[in-house]
1. Roughly what % antiparallel, to the nearest 5, for the DSSP beta bridges in chain A?
2. If you roll a 1.4 angstrom probe over the protein chains with everything in place, what fraction of the accessible area of the stretch A:7-82 belongs to carbon and sulfur, to the nearest %?
3. For the stretch A:112-190 and the stretch A:276-347, compute the distance between their C-alpha centroids and round to whole Å.
4. Evaluate the relative contact order of the stretch A:174-331 (contact order divided by residue number), counting alpha-carbon pairs under 8 angstrom at least 6 apart; express in whole percent.
5. How high is the FRET efficiency between A:Y539 and A:K130 when r is their beta carbon distance and R₀ equals 51 Å, given to the nearest 0.05?
6. Provide the FRET efficiency to the nearest 0.05 for the A:S2-A:D44 pair, computing r from the beta carbons and using R0 = 30 Å.
7. So which lysines pass the test for A:K34, namely a Cα distance under 17 Å, with those fewer than 8 places away in the same chain ruled out?
8. Taking a 30 Å limit on the Cα-Cα distance, which of the listed pairs A:K157/A:K233; A:K237/A:K475; A:K57/A:K469; A:K157/A:K475; A:K289/A:K593 fall beyond it?
Amino acid sequence: MSIQITFPDGNVKSFEQAPTGLEIATGISPGLAKKAVVVKVNGDLWDLSRPIDRDAKFEIVTRDKPEALEVIRHDAAHVLAQAVQELFPGTQITFGPSTDVGFYYDFARAEPFTEADLETIEQRMRNIVKRDLPIVREVWSHDDAVKHFEKAGESFKAEWIREGIQADETLTIYKQGDAWLDMCLGPHLPSTGRVGTAFKLTRVGGAYWRGDANNAQLQRIYGLAFANDDDLKAHLKMVEEAEKRDHRKLAKQLDLFHQQEEAPGMVFWHPKGWAIWQAVEQYVRKVYKKSGYKEVRGPQIMDVSLWKKSGHWDNYQDNMFFTESEKRTYAIKPMNCPGHVQIYNAGLHSYRDLPIRYAEFGGCHRNEPSGALHGIMRVRAFTQDDGHIFCTEAQIESEVTAFHQQAMQVYADFGFTNLDIKLALRPEKRLGDDATWDRAEDALRAALRAAGVDSWTELAGEGAFYGPKIEYHLKDSIGRAWQVGTMQVDFMMPERLDAHYIDEHSQRQRPVMLHRAIVGSMERFIGILIEHHAGALPYWLAPVQVVVAPIVSDADGYSDEVAAALSTAGVRVETDLRNEKINYKIREHSLQKVPVIVVVGRKEAEEKTVTLRRLGTERQETMSLADAITQLTVQ
RNA sequence: GCCGAGAUAGCUCAGUCGGUAGAGCAACUGAUUCGUAAUCAGUAGGUCGGAGGUUCGAUUCCUCUUCUCGGCACCA
């Protein structure tokens, strides 16, 4: 019987015996065979060396395709594993997948890998690539595989086969040369030589076996891998540039804030950093007002009994701060919602009043694990642009839709257009019954659709204990994603804290509570803002918008006049009257990312004009002071 | 929290195979008044993260501890 292979262009070719992808490719052209990485057989990725034993739609995936890159990276991980085991006998292998930019592999070894080891390992990897070992796919039985790995002292692999793989699942083994193998789904390259040279080990870190902190601690070695050297070089360059945008570095350079040992995970805002905060806060306050929120303020500490009632104590006591006075224990608030419910409960509400929307720049403290702290992105004391909407179930969809549209506008105003939207669904540890969760989750889906969102990622098990949530994520300079905004449907808290309204039949009803934030944590958002703009914030957010710099001291008086006029017009302006050359001042304020430098010399002083120089250009523009004020206030 | 690395002047960093530290920039003082990315000269500045130990002697070696960084776990 013959095998029919259908090519992407519709051509069909029949073979007497099952051909391998490599054979077919060679038949077309040796050049193609060389560039081939894997093949697509009826849509699935197969090894080049695997015989195609059925009629199939066939496609060759060459090195430059995205799917190929994944295979190259995955192979690099295997080459890494072999290199480590050759160099450090007794080290156990576990898992090693490809990542967005490369690969990693987790190893079990008592001794830690050092930076120096990484170089040695990388050299050995290059050696294995040079050896061009054939990579061969084999199908093994479960028993054989378990026996093999147990005999080899690979207890992690053996455990995974026993517990992680169904007995009727096909179990594939990939041999890399004669002496090394790993269990893996594949597909892989036909030989190690095809990995190429564009890889580099970057760092070693910790990881837990099967991602669980109760399990053994493994060592993870990370590497980069690309299809060619130019791509790798370009990526390294990009990382180098990104590191310069780090908000922690820029905060020092631009004198925005600092953190110190006595207050881990907390922020000391300096005048310039606080000016950014104020600009963001005033903007958000306008949004509150425009979208129907009333700003409120709850107390910073409340009796622990309230947190027991709300359910926070059960779920988060280890991450809460407490304080005591006169034999009472108070919790320092980790969230604003119970406070807002108290404000809601202080009065009687008719169905006609709903939705009621409260907002607060709510300062919260959470005792985050020390290892989680990260600059001002993850802190122990932060301020949320928090809001709570008390409404009926029928009002959820329109509230969520309106919120979404408002949120997207806010992000755009700050310069963000690339948001990741996620829907976090019911966690294992939760309040309420499944029917309630079904309604809450569906309400969020419906609202997203109504807002015109066509794609989002659903995260099973990641919701809050009281309800599901939409999450808005932004990326920092080195590609780490951070949650900023959120919208959460909550049927539980009103019940727990006994909130109600009176319906049209004079009956008491439970309102639904929506928890929402757009920037999320002010600290985190400002951190991302700094990185996104590389410190050069847009004019309306810049801590110092204008510096007036005289060329000669004769112009000092006029500089003060100009600055006073701008300040009166609401511009954040400073003067630089130091006895320095204008070049020096230009350089310094440019490095400080001041958007506009106003230079005044004798000429300007006489003619009552100013010369503007905007950040990022060398162009000079002379105009009357009045014109300058107009220009610098409308932006 | 766990694994690993680190902490030296305001900042960026060098250094001491154990004999109590140095540069550049910033700061301060003086001179210079110079039209768009660094004017010159001088001065001052550090119990080398904290505690304990070994030692005649510790910033250096050891232990503990705090914080930071990278990774993982966590993230209401």
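1. Numbers: 98 of 114 bridges.
Beta bridges within chain A, antiparallel portion: roughly 85 percent.
2. Numbers: 1830 of 3690 Å².
Carbon and sulfur: 50 percent of the exposed surface of the stretch A:7-82.
3. Answer, in whole Å: 52.
4. On the way: 123 pairs, mean separation 16.0, N = 158.
With pairs under 8 Å counted, the relative contact order is 10 percent.
5. Numbers: r = 55 Å, r/R0 = 1.09.
So, using R0 = 51 Å, E works out to roughly 0.40.
6. Values: r = 21 Å, r/R0 = 0.71.
After rounding, the FRET efficiency stands at 0.90.
7. Here the lysines satisfying the reach criterion relative to A:K34 are A:K65, A:K130.
8. Numbers: A:K157/A:K233 35 Å; A:K237/A:K475 19 Å; A:K57/A:K469 42 Å; A:K157/A:K475 34 Å; A:K289/A:K593 32 Å.
Result: A:K157/A:K233; A:K57/A:K469; A:K157/A:K475; A:K289/A:K593 exceed 30 Å.
The values are calculated or read from the model by the stated rules, or taken from the named source; none is laboratory data. Here the structure is a predicted model, which is why all the values come from computation and not from measurement. Heads up, the Cβs are rebuilt from the backbone with ideal geometry, glycines too, and the neighbour counts pull from every protein chain shown. For the accessible areas, the whole protein counts, side chains as well, though only heavy atoms, and no ligand, DNA or RNA atoms are used. Shrake-Rupley method; radii C 1.70, N 1.55, O 1.52, S 1.80 Å.
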